[in-house]
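Right, one structure below, let's go through it.
Bear in mind that the values in this text are calculations on the coordinates, not laboratory data. Since this is a predicted model, take the numbers as computed values, not measurements. Cβ coordinates were reconstructed from backbone atoms using ideal geometry, including for glycine residues, and neighbour counts include every protein chain displayed.
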Amino acid sequence: MGGFFGITSRSDCMMDVFFGVDYHSHLGTRRGGMAAFDPEIGLQRVIHNIEKSPFRTKFEHVLEEMKGTSAIGCISDTDPQPLLIRSSLGTYAISTVGIVNNADALIAQYLSSNSGHFDAMTGGKINSNELVAALISQKSSFAEGIQFAQSVIDGTANILLLKDDGNLIAARDRLGRIPVQIGKNEDGYAVSFEQFAYTKLGYEHVCELGPGEIVEITPDGMTQLAKPGKEMRMCAFLWSYYGYPTSNYEGVNVEAMRYRNGAAIAERDMAQGRSMEIDYVGGVPDSGTPHAIGYANRTGKAFARAFIKYTPTWSRSFTPARQSDRNKIAKMKQIPVHEIIVNKNLLFVDDSIVRGTQLKETVDFLYENGAKSVHMRSACPPIMYGCKYLNFSRSTSDMDLISRRVIVELEGEEGLKHIDEYANGDTERGKAMRKAICDKFKFASLGFQTLEGVISAIGLEPCKLCTYCWTGKE
């Protein structure tokens, strides 16, 4: 995934941008970068690898290295950024969030028609930010160039530019799959993926850009360069999983949605007569916890933490590139609370079940520490399709998904023709898939939130949400 943050101000803004970018660290673990504009120095840029240590550690000396009244920064799970670009439109820094699925075709087309070149990375790969910049440069203005780039990109591109006059240009992707938010204080404006990143710094929330909307921002005001489109497909998984609990997207708070979602899962269990003997309800930390609180509150079952994640020294469990290393770290982080586990019937709510590898490790860990039974609920429907619009998952194939693998185990390739039936827990195929996963992971029972349930918990119109990972429908 990834996120960006920027400020244009009448005074030095480096400290605020440093903290604003740091507040996006939950969105990525590979690269961090900052670019700044100072009237005397011009544009500057620093990029660091943050796979082994967090953004704050790597950039703690940035205030000694850079200064500026305007700056942007990013957390990136993909290519190094921001990049400094010199083009016919001027010199600027660029940062993007999203994914370009048709990069090879766009690169080939650009090279054949422009006789230009790109700076190649190891293995010949082209930095996606440089590709976006090349597409922008094919038009006579930034607004036209951004609209052109977004029209030809298969995927998603939120774009933040820092120009060599200190102004910012911010563009939300044309279907609004992820947010771009604007804040203001007495000295200028902030642009952010996360609203709380600037409200914590004393900025007042102004607006959230609409799908495809483009604005240019100076310390004195904001000018709309392109109006928002009418169609929106915001990622529903933002609320279910990777959005930060304090975040608000389209006016809907993440933490509050998760409470509603957990309660809805509980209501479905009770309506179906699934009143199991449960001693404690818990979340598979961290994003599963609020869903579990909602479930516990609705059922009246006690909420408890059967194990605690030891986070002071261990890095986030999905940081290492190898799955075996991620599993090892995930297991090392889990410290059991035996008084809550031994001879107890436990129900856990996970934010999602994707590959299932770490979840199996967690369930084995609970049984090893004396659990009598472990019931599992997923806060979203079965994930049947790898996301092609955002790069929030490391899965490289649909067959990495546990739901897909189990379908093929049950029925071979023929089963993939009946994915809708398998997704529905009320059908015979749906029941068979859930039983197979229960057997594989030693769950006492398994339930998935329904598509209707998660949409209702978000509270936006279904036509405004992207649910591709669950339905395969664009």
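Pairs to check: LYS309/LYS440; LYS58/LYS227; LYS67/LYS200; LYS200/LYS227. Give those whose C-alpha atoms are more than 27 Å from each other in this structure.
Numbers: LYS309/LYS440 24 Å; LYS58/LYS227 38 Å; LYS67/LYS200 21 Å; LYS200/LYS227 29 Å.
Too far apart for the 27 Å limit: LYS58/LYS227; LYS200/LYS227.
Give me the Kirkwood hydrodynamic radius of the stretch 363-474, using the inverse of the mean 1/r over all pairs of distinct Cα atoms, in Å to one decimal. Could you put the intermediate results ahead of the total?
Numbers: mean 1/r = 0.0659 Å⁻¹.
In the stretch 363-474 this quantity evaluates to 15.2 Å.
Restricting to DSSP H runs of at least four residues, report the calculated mean residue ellipticity at 222 nm for the chain, -39500 (n - 2.57) per run over all residues, nearest 500 deg cm²/dmol.
Working: 17 runs with 151 residues, N = 474.
Result for the chain: -9000 deg cm²/dmol, rounded to the nearest 500.
According to a simple spin-label model (label point 7 Å from Cα along Cα-to-Cβ), what is the distance in nm between ASP364 and THR246?
Result: 3.7 nm between the two label points.
Spin-label point model (7 Å from Cα, Cβ direction): what's the MET15 to THR122 distance in nm?
3.7
One quarter of the convex hull surface, Cα atoms only: what value does that give for the chain in nm²? Provide the component values of the computation, followed by the final result.
Details: hull surface 90.6 nm².
Hull-based average projected area comes out at 22.6 nm².
When a footprinting reagent is the concern and you count Cβ atoms within 10 Å, what order do ASP187, ASP104 take, fewest first?
Details: ASP187 17, ASP104 12.
In increasing order of surrounding Cβ atoms, one gets ASP104, ASP187.
Enumerate the residues in the stretch 400-425 having an amide nitrogen under 13 Å from the point lying 7 Å beyond the Cα of SER456 toward its Cβ.
Under 13 Å, as judged by backbone N against the label point of SER456, lies no residue of the stretch 400-425.
For the chain, give me the percentage of DSSP beta bridges that are antiparallel, rounded to the nearest 5 percent. Could you put the intermediate results ahead of the total?
Values: 68 of 85 bridges.
Given both bridge residues lie in the chain, the antiparallel proportion sits at roughly 80 percent.
Could you give the length gained by full extension between ASN253 and ILE41, i.e. 0.36 nm per residue of separation minus their alpha carbon distance, to one decimal place? List each step's numbers first, then the result.
Working: separation 212, 0.36 × 212 = 76.32 nm, distance 4.06 nm.
Here the segment from ASN253 to ILE41 would lengthen by 72.3 nm.
Roughly speaking, what is the stretch gain from ARG305 to ARG30, that is 0.36 nm per residue apart minus the C-alpha to C-alpha distance, in nm to one decimal? Mind dumping the intermediate values first?
Details: separation 275, 0.36 × 275 = 99.00 nm, distance 3.01 nm.
Gain on extension, ARG305 to ARG30, equals 96.0 nm.
So if each residue of separation counts as 0.36 nm, and I subtract the Cα-Cα distance between ASP439 and GLU65, what length gain in nm does that give? Write down the numbers at each step before the final one.
Values: separation 374, 0.36 × 374 = 134.64 nm, distance 5.61 nm.
Computed gain between ASP439 and GLU65 is 129.0 nm.
Sequence neighbours fewer than 8 away in the same chain don't count; with that in mind, list the lysines whose C-alpha is under 17 Å from LYS52.
Within the straight-line limit of under 17 Å, LYS52 reaches these lysines: LYS328, LYS333.
Taking one equal scatterer on every alpha-carbon of the stretch 2-232, how large is log10 of I(q)/I(0) by Debye at q = 0.08, 0.13 1/Å?
Those come out to -0.25, -0.69, one per q.
Positive end of the dipole of the stretch 253-471, charges at C-beta (+1 Lys, Arg; -1 Asp, Glu), about the Cα centre: which of GLY300, ILE407, GLY370 has its Cα farthest in that direction?
Checking the options against the dipole of the stretch 253-471, the answer is GLY370.
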